[in-house]
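Notes for the one structure printed next.
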Amino acid sequence: MTTLALRRMSAAALLGATILAAPATAAPLTEVAPRIFEGSPVSGPSWEAFVGATGGGSTGECSGAVIGDRWVLSAAHCVAVTQGPGAGELRPGLSTLIAPGPVDVTPLRDHLGGLTPRPRTPATASGQAHLIPDGYRPATSQRGDLVLIRLDAPSDPALGVPVARADQADLGSPGRTATLRGWGVTEAGTVSAGPRQANGRITGVAECTSTAAVPPFLYDDARMLCAGRSSEPRAIACGGDSGGPLTTAAPGGYPVLIGVDSFGAVDCGLGLSYFTRASRYADFLRQRMSADPVAAVTAPSLSPSAAVRTGPTTAEIRGAVAPGGLASAVVVETGAAGAARPAAASALVGSGRAPTTFVVPITGLEPGAPHNFTLRIENLTAPHDGLSGSIPATPGESADGVPLPAETASLPVCSPLATNAPRSRQQGTVRLTANQLRINQRVGQAAIRRLNAIDAWLEDGIVGGDLCGGALSTQSLAGLDLSFGGAVGRAEPAPRPLRVARPRPRSARPGLTRTQLRINQRIYQAALRRARALSARIDGGLTGGDIRDGSLDVNVLPPGANARQAAIPVTPLAASATRVPARPRTTQSAVRLTRAQLRTNQRIAQAAVREANALAATIERGLTRRNFAAGSITASDFVPSVLGG
């Protein structure tokens with residue numbers, strides 16, 4: 001059986017002393033030393049960050065990504081207790097030092113190893129805040145293995161990579177090529193002073209769970225992804241690369257962060273590399289960075305831009321943008337008049353707050369012909385409309401872009417996030433008793449009751465009060481024309497409550513038998529499949545057909561927007577459906593009357609409850625554009641008076 005490992009590198013490995021293997025008595029997830037296999041030095045634009053962490057009696061290193069001028073994204077297990085009492089909480093006395101960019105971190109390693117004072121070079125920043133998603137439970141799984149770190153000082157404004165939004169989840173689809181960056185030991189066993197990168201291919205669920213170390217119930221495709229090479233060594237990461245950014249090319253070619261390195265085999269040549277799926281946590285990241293009292297990110301602003309014809313088939317779009325403290329990219333789409341598929345090109349613009357100039361090269365133009373172009377700014381908050389214009393036909397000529405009637409970039413006004421409940425500091429022991437079986441049953445039944453309530457809530461029809469203020473965007477609508485200039489204010493939502501049934505009293509108590517364990521396991525597995533199907537439906541699969549006709553008001557439109565029905569009406573879409581996959585075939589001998597099996601059943605039931613709780617939190621916070629398929633909301637969903645009727 002392949003043993004899994006987290007990838008934070010210990011202090012001993014920092015000093016090049018040894019490479020630590022997982023102790024034989026350790027849980028499957030533990031610490032090892034780092035390598036990026038078959039990698040090469042980083043080149044091109046930079047967004048990687050070295051993360052050194054001290055606390056809880058240990059010191060180690062990880063990798064990370066600059067996603068804002070004051071924000072770095074890494075893995076939660078780099079800064080949290082991962083086993084025993086307090087698992088999932090920040091390590092006691094936690095202190096982090098971060099070196100953003102492609103720097104030689106040898107002085108910082110020496111400092112973390114206790115050899116030298118804190119170095120003045122390379123430039124380092126301290127972590128002021130460390131924010132972990134509520135769902136991170138390392139004692140049972142690696143879901144939610146990411147941490148958002150606020151720096152005590154801005155990093156270089158040229159650094160930064162945009163994070164994939166929920167509506168960009170398909171960028172993490174199987175078959176796509178992706179690149180990991182991080183610091184670590186090379187194949188020769190020497191420590192890499194600078195960052196390295198390696199390419200791999202994103203793989204599907206069947207391949208991700210093909211090893212006994214990662215069974216299907218532990219791998220959550222909605223929150224994780226895995227990647228590797230097509231030949232041995234398959235892994236592209238190992239210890240010390242924890243938190244390293246996995247990126248892929250978005251339409252237009254700019255890099256987008258789709259994963260955060262989490263875990264893999266102790267022997268990195270034996271298996272795939274596993275990552276936290278960034279798009280799943282886009283709301284968490286956006287809300288925390290936007291509402292932060294110290295380093296809140298803001299909407300980007302675009303300065304006047306111009307199109308310059310540089311040759312018979314080439315041009316440049318030149319301008320300046322202030323990213324607002326959030327890593328962003330400029331995307332330009334070009335095409336001849338009436339072209340069905342415009343070509344796209346892009347440029348990263350960093351994460352600073354002051355204007356930075358950009359040049360987007362355009363190729364493949366038709367000689368002697370003008371071309372239209374549109375420009376938008378892409379980042380974690382939304383695609384922000386920018387400019388439209390025309391590229392001149394003659395080399396040497398230029399033309400100014402015209403600002404689009406921009407949709408205000410304010411974030412939706414949702415209900416405040418609930419305060420994190422304190423985590424239990426005791427993991428508890430599972431015993432092979434009838435009482436433990438009944439406890440597991442109650443957990444599984446609680447998940448089923450909550451899922452029933454969520455299903456009923458959806459089937460009853462979504463109304464305007466269920467959506468956050470300013471929840472929708474032009475991308476959400478079809479057959480509607482928006483104009484801007486109205487009242488800007490938007491109110492918080494007032495979602496319909498979930499009506500969770502009370503537990504029914506049971507007259508008979510189930511016996512502790514293998515048959516009962518198998519029955520329970522199938523029930524819990526069915527609940528988990530259903531929970532994940534509901535999650536897929538709510539996470540971008542809803543349509544206007546799920547909304548009660550005539551129930552949306554102006555509060556759900558972008559701030560300052562007014563709507564009119566377009567001249568050509570659009571046929572409303574049908575309601576979405578919860579598509580639960582069929583139960584996989586299993587043999588009866590797969591379930592045994594053992595404490596380990598009872599513990600496995602407990603974990604499946606707990607996973608179903610966590611999924612149900614996350615869905616309930618989404619509903620209670622209020623729905624946003626990310627919950628609906630693009631172009632699925634039509635005039636029939638609005639109160640007629642909103643559309644001037």
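The values are calculated or read from the model by the stated rules, or taken from the named source; none is laboratory data. These numbers were taken from a predicted model, which means no experiment stands behind them. Virtual Cβ from ideal backbone geometry, glycine too; neighbours counted across all protein chains shown. To get the accessible areas, we keep the full protein, side chains included, count just its heavy atoms, and leave off ligands, DNA and RNA. Shrake-Rupley method; radii C 1.70, N 1.55, O 1.52, S 1.80 Å.
I need the full set of residues from segment 452-482 which are at pLDDT 85 or above and part of a helix (DSSP H, G or I), in order please. Answer for segment 452-482, where residues must be at pLDDT 85 or above and part of a helix (DSSP H, G or I): ASN452, ALA453, ILE454, ASP455, ALA456, TRP457, LEU458, GLU459, GLY464, GLY465, ASP466.
Restricting segment 172-184 to residues that are open to solvent by 10 Å² or more (accessible area, probe 1.4 Å) and over 13 Å from PRO255 (Cβ atoms), the residue that is farthest from the chain's Cα centre (by Cα) is GLY175.
Surrounded by 17 or more Cβ atoms within 10 Å (Cβ to Cβ), on the phi < 0 side of the Ramachandran plot and part of a helix (DSSP H, G or I) - does that describe any residue in segment 110-127? I'd like the intermediate steps shown before the answer.
To start, the set of residues in segment 110-127 that are surrounded by 17 or more Cβ atoms within 10 Å (Cβ to Cβ) comprises 111-113, 119, 124-125, 127.
Next, from what is left, pick out any that are on the phi < 0 side of the Ramachandran plot: 111-113, 119, 124-125, 127.
Pick out the ones that are also part of a helix (DSSP H, G or I) and you get 111-112.
Yes, some residue in segment 110-127 is surrounded by 17 or more Cβ atoms within 10 Å (Cβ to Cβ), on the phi < 0 side of the Ramachandran plot and part of a helix (DSSP H, G or I).
Looking at segment 49-68, which of its residues are touching a strand residue (DSSP E or B) at 6+ places or on another chain (Cβ under 8 Å) and open to solvent by 10 Å² or more (accessible area, probe 1.4 Å)? So that I can check it myself, show each step before the final result.
At the first step, the residues of segment 49-68 found to be touching a strand residue (DSSP E or B) at 6+ places or on another chain (Cβ under 8 Å) are 49-55, 58-68.
Across segment 49-68, the qualifying residues are THR54, SER58, THR59.
Can you spot a residue in segment 189-197 that is surrounded by fewer than 16 Cβ atoms within 10 Å (Cβ to Cβ), within 25 Å of ASP283 (Cα to Cα) and either under 22 Å from the mean Cα position of the chain (by Cα) or at pLDDT below 90 (or both)? Checked against the condition, which is being surrounded by fewer than 16 Cβ atoms within 10 Å (Cβ to Cβ), within 25 Å of ASP283 (Cα to Cα) and either under 22 Å from the mean Cα position of the chain (by Cα) or at pLDDT below 90 (or both), segment 189-197 yields no hits at all.
Restricting to segment 294-307, and then to whatever is β-branched (Val, Ile, Thr) and closer than 18 Å to PRO412 by Cα, can you tell me which residue is least open to solvent (accessible area, probe 1.4 Å)?
As a first pass, look at segment 294-307 and keep what is β-branched (Val, Ile, Thr): 294, 297-298.
Now narrow it down to the ones that are closer than 18 Å to PRO412 by Cα: 297-298.
On the way: VAL297: 16, THR298: 76 Å².
Of everything passing the filter in segment 294-307, VAL297 is least open to solvent (accessible area, probe 1.4 Å).
Of all residues in segment 88-105, those being open to solvent by 10 Å² or more (accessible area, probe 1.4 Å) and at negative phi number 11. Number of residues in segment 430-451 that are open to solvent by 30 Å² or more (accessible area, probe 1.4 Å) and either among the polar types (S, T, N, Q) or not in a helix (DSSP H, G or I) (or both) equals 5.
Residues that are in a helix (DSSP H, G or I) and touching a residue at least 12 places away in the same chain (Cβ under 8 Å) do occur in segment 556-568.
Report whether or not ARG599 is at pLDDT below 85 and open to solvent by 40 Å² or more (accessible area, probe 1.4 Å).
Values: at pLDDT below 85: yes; open to solvent by 40 Å² or more (accessible area, probe 1.4 Å): yes.
Criteria met by ARG599.
Checked against (1) modelled with pLDDT of 90 or more; (2) open to solvent by 40 Å² or more (accessible area, probe 1.4 Å), ALA227 passes all but a single condition, namely (2).
Count, please, the residues in segment 499-553 that happen to be in a helix (DSSP H, G or I) and of a type outside the set (D, E, K, R). Spell out the reasoning first.
Here is the first cut: in segment 499-553, the ones in a helix (DSSP H, G or I) are 514-538, 544-546.
From the residues that got through so far, the ones that are of a type outside the set (D, E, K, R) too are 515-517, 519-521, 523-528, 531, 533-536, 538, 544-545.
Residues in segment 499-553 being in a helix (DSSP H, G or I) and of a type outside the set (D, E, K, R): 20 in total.
As for segment 529-544, it holds no residue that is of a type in the set (Asp, Glu), in contact (Cβ under 8 Å) with a residue 12 or more places away in the chain and surrounded by fewer than 16 Cβ atoms within 10 Å (Cβ to Cβ).
Scanning segment 254-264 for residues that are farther than 17 Å from ASP167 by Cα and open to solvent by 10 Å² or more (accessible area, probe 1.4 Å) yields one hit, PHE263. Within segment 133-159, if we keep just the residues that are open to solvent by less than 20 Å² (accessible area, probe 1.4 Å) and hydrophobic (A, V, I, L, M, F, W, C), the residue that is nearest to SER43 (Cα to Cα) turns out to be LEU159.
Mind listing just one residue for me: the one in segment 369-406 that is assigned to a loop (DSSP other than H, G, I, E, B) and open to solvent by 60 Å² or more (accessible area, probe 1.4 Å) and, of those, modelled with the lowest pLDDT?
Going residue by residue through segment 369-406, those that are assigned to a loop (DSSP other than H, G, I, E, B) are 369-370, 379-382, 392-397, 401, 404-406.
With the extra rule that they be open to solvent by 60 Å² or more (accessible area, probe 1.4 Å), the set shrinks to 370, 394-397, 405.
Working: PRO370: 88, THR394: 90, PRO395: 90, GLY396: 86, GLU397: 85, PRO405: 44.
My answer is PRO405.
Being of a type in the set (Lys, Arg), touching a residue at least 60 places away in the same chain (Cβ under 8 Å) and touching a helix residue (DSSP H, G or I) at 6+ places or on another chain (Cβ under 8 Å) is a property that does not hold for ARG621.
Give me the residue from segment 578-595 that is outside any loop (DSSP other than H, G, I, E, B) and open to solvent by 70 Å² or more (accessible area, probe 1.4 Å) and, out of that set, modelled with the highest pLDDT.
As a first pass, look at segment 578-595 and keep what is outside any loop (DSSP other than H, G, I, E, B): 588-590, 595.
Adding the requirement that they be open to solvent by 70 Å² or more (accessible area, probe 1.4 Å) leaves 588-589, 595.
Numbers: GLN588: 45, SER589: 48, ARG595: 82.
Only one residue fits best here, namely ARG595.
Checking ALA169, ALA164 one by one, the residue that is aliphatic (A, V, I, L, M), touching a helix residue (DSSP H, G or I) at 6+ places or on another chain (Cβ under 7 Å), open to solvent by 20 Å² or more (accessible area, probe 1.4 Å) and closer than 25 Å to ALA616 by Cβ is ALA169 and no other.
Listed conditions (1) modelled with pLDDT of 90 or more; (2) open to solvent by 20 Å² or more (accessible area, probe 1.4 Å) are all met by GLY631, apart from (1).
One residue stands out in segment 69-87 among those that are of a type in the set (S, T, N, Q) and either open to solvent by 10 Å² or more (accessible area, probe 1.4 Å) or more than 16 Å from GLY243 (Cβ to Cβ) (or both): the one that is modelled with the highest pLDDT, namely THR82.
Within segment 162-175, identify whether any single residue is part of a loop (DSSP other than H, G, I, E, B) and at pLDDT 95 or above, and answer yes or no. There is at least one residue in segment 162-175 that is part of a loop (DSSP other than H, G, I, E, B) and at pLDDT 95 or above.
Within segment 268-288, can you find the residues that are hydrophobic (A, V, I, L, M, F, W, C), open to solvent by less than 10 Å² (accessible area, probe 1.4 Å) and under 14 Å from the mean Cα position of the chain (by Cα)? Scanning segment 268-288 gives PHE275, ALA278, ALA282, LEU285.
Does ALA567 satisfy being open to solvent by 70 Å² or more (accessible area, probe 1.4 Å), of a type outside the set (S, T, N, Q) and at pLDDT below 90? So ALA567 fits the description; yes.
Here are some residues: ARG514, ARG490, ARG502. Which one is within 23 Å of ARG583 (Cα to Cα) and open to solvent by 30 Å² or more (accessible area, probe 1.4 Å)?
On the way: ARG490 fails: within 23 Å of ARG583 (Cα to Cα); ARG502 fails: within 23 Å of ARG583 (Cα to Cα).
Of the residues listed, the single one that is within 23 Å of ARG583 (Cα to Cα) and open to solvent by 30 Å² or more (accessible area, probe 1.4 Å) is ARG514.
Determine whether ALA291 is among the small types (Gly, Ala, Ser), loosely packed, with under 15 Cβ neighbours inside 10 Å and within 29 Å of the chain's Cα centre (by Cα). It is true that ALA291 is among the small types (Gly, Ala, Ser), loosely packed, with under 15 Cβ neighbours inside 10 Å and within 29 Å of the chain's Cα centre (by Cα).
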